[in-house]
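The values are calculated or read from the model by the stated rules, or taken from the named source; none is laboratory data. As the structure is a computational prediction, the values presented were derived from the model and not from experiment. Cβ placement follows ideal geometry from the backbone for every residue including glycine, while neighbour counts extend to all protein chains displayed. All accessible areas refer to the heavy atoms of the entire protein, side chains included, with ligands and DNA or RNA removed. Shrake-Rupley method; radii C 1.70, N 1.55, O 1.52, S 1.80 Å.
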Amino acid sequence: MSEEIVFDCLHAEIVNYCLYGNKENDFSTLEYIGFTTGYRLIERMTRDVPRFKDELETIKFICTDFWTSIYKKQVDNLRTNNQGMYVVQDKAFRFLTRITPGEKQLEHAPKFVAFTCGLVRGALSNLGINSSVTAEVQCIPACKFHIEVSRA
Amino acid sequence: MAVCVAVIGKDNSPLYLSTTDMDKELELQYRVHAALDVIEEKCQVGVKGTPETKELYLGLLYATETHKIYGFVTNTKVKLILVIDSGNIALRENEVRAMFRNLHILYTDAVCNPFFLPGEQLISKKFDRAVQKLMSGNI
């Protein structure tokens, strides 16, 4: 257990560092860190995995194996409209579980999910899927990620 | 063992190329480029042989009088290509497979280097040394 807390602490510090000073609402650095991390991580994680058949299979891999390796749990729900929109729901999102649920805390929730948005986007981008990922927190510690695949 | 190792990016741009014989580098580059068409053909979805297409290792792409060209495509669409001297008949299929596995591990390690920028050419002394070792066959 003690090893897992290290990642949580590091993440919290990165969030503080990136948003320090007058950059309080600028999540681009956090998102970028997530992107490069996801990009590199997926290269390693898909090493011994057979080739993905289609987009859905790729997203499923993100929701199961990829999520487990980072957050020690799978996502709770994955929904899609089969037209490139995916909604990933995690009912106990790791970076939010240590925050007390409440109105005031909810205001600060977006900064703890920005890294993950980038992470997912980076991983998908390296697998050949260009997307935009946004997060939505309605009630701590639950979190929804909207993945919108851009088809060009 | 191998005379040429090439890493080709997802947009078919060359990321890395190394040969044992500098004089033949251009000729070997042609071989590698010719292989890209074969790879594209093999990776098309929905065409015959479903169990094979699921594997990252693509097997022998084509052979010429002097060389045999083998291919491997990672999940991230990065192509690894090995050119092997046809005269080397002792080399077995599973040895080629093992070489690709090692090369893939080397590549992922190189990508995880924070100084490597995705999509850029792969310039790394460590990777270079390991590939030279791989080509000479003592890994």
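If you scan region A:35-56, which residues turn out to be assigned to a helix (DSSP H, G or I) and not hydroxyl-bearing (Ser, Thr, Tyr)?
Keep residues of region A:35-56 that are assigned to a helix (DSSP H, G or I), which gives A:35-45, A:55-56.
The answer is A:35, A:38, A:40, A:41, A:42, A:43, A:44, A:45, A:55, A:56.
Residue pairs whose Cβ atoms lie under 8 Å apart, sitting 6 or more positions apart in sequence or on different chains, and linking a residue in region A:2-31 that is within 17 Å of residue A:122 (Cβ to Cβ) to a partner that is part of a helix (DSSP H, G or I) and open to solvent by 90 Å² or more (accessible area, probe 1.4 Å), do not occur here. Of all residues in region B:18-37, those satisfying the criterion of being more than 19 Å from residue B:122 (Cβ to Cβ) and surrounded by fewer than 13 Cβ atoms within 10 Å (Cβ to Cβ) are B:21, B:23, B:26, B:30, B:37.
Looking across A:106, A:96, A:124, one residue alone is open to solvent by less than 60 Å² (accessible area, probe 1.4 Å) and within 24 Å of residue A:52 (Cβ to Cβ). It is A:124.
When only residues in region B:126-139 that are without any contact (Cβ under 8 Å) to a residue 60 or more places away in the chain and part of a loop (DSSP other than H, G, I, E, B) count, which is most open to solvent (accessible area, probe 1.4 Å)? Lay out the reasoning, then the answer.
Initially, region B:126-139 is screened for residues without any contact (Cβ under 8 Å) to a residue 60 or more places away in the chain, giving B:126, B:129-130, B:133, B:138-139.
The next check asks that each one be part of a loop (DSSP other than H, G, I, E, B); those that pass are B:138-139.
Details: B:138: 96, B:139: 125 Å².
Checked region B:126-139; the qualifying residue most open to solvent (accessible area, probe 1.4 Å) is B:139.
Screening residue B:57 with (1) closer than 15 Å to residue A:51 by Cα; (2) surrounded by 17 or more Cβ atoms within 10 Å (Cβ to Cβ); (3) at pLDDT below 90 gives one miss only, at (2). The listed residues are A:59, A:70, and the only one of them that is touching a Phe, Trp or Tyr at 6+ places or on another chain (Cβ under 9 Å), more than 12 Å from every other protein chain (Cβ to nearest Cβ), in contact (Cβ under 8 Å) with a residue 40 or more places away in the chain and surrounded by fewer than 19 Cβ atoms within 10 Å (Cβ to Cβ) turns out to be A:70.
With respect to residue A:35, determine if the residue is within 14 Å of the chain's Cα centre (by Cα), of a type in the set (Phe, Trp, Tyr) and away from chain B (no Cβ under 11 Å). Outline the logic, then answer.
On the way: within 14 Å of the chain's Cα centre (by Cα): yes; of a type in the set (Phe, Trp, Tyr): yes; away from chain B (no Cβ under 11 Å): no.
In short, no.
Which of the residues that make up region A:89-104 are free of Cβ contacts under 8 Å to residues at least 60 places away in the same chain, under 16 Å from residue A:6 (Cα atoms) and of a type in the set (Lys, Arg)? None; the set is empty.
Checking the structure you have, find out if any residue of region B:117-125 is outside any loop (DSSP other than H, G, I, E, B) and more than 14 Å from every other protein chain (Cβ to nearest Cβ).
Kept after step one, since they are outside any loop (DSSP other than H, G, I, E, B), are these residues of region B:117-125: B:125.
Then drop every residue that is not more than 14 Å from every other protein chain (Cβ to nearest Cβ), which leaves B:125.
Yes; the residues of region B:117-125 include at least one that is outside any loop (DSSP other than H, G, I, E, B) and more than 14 Å from every other protein chain (Cβ to nearest Cβ).
Residues that are surrounded by fewer than 19 Cβ atoms within 10 Å (Cβ to Cβ) and touching a Lys or Arg at 6+ places or on another chain (Cβ under 7 Å) were ranked within region B:68-86; the one that is modelled with the lowest pLDDT is B:86. With respect to being on the phi < 0 side of the Ramachandran plot and within 11 Å of another protein chain (Cβ to nearest Cβ), residue B:73 fits the description. Entry remark, region B:93-116: residues being surrounded by 11 or more Cβ atoms within 10 Å (Cβ to Cβ), within 12 Å of chain A (Cβ to nearest Cβ) and not basic (Lys, Arg) number 14 in total.
In the set (1) at pLDDT 90 or above; (2) farther than 29 Å from residue A:35 by Cβ; (3) open to solvent by 40 Å² or more (accessible area, probe 1.4 Å), the condition left unmet by residue B:90 is number (1).
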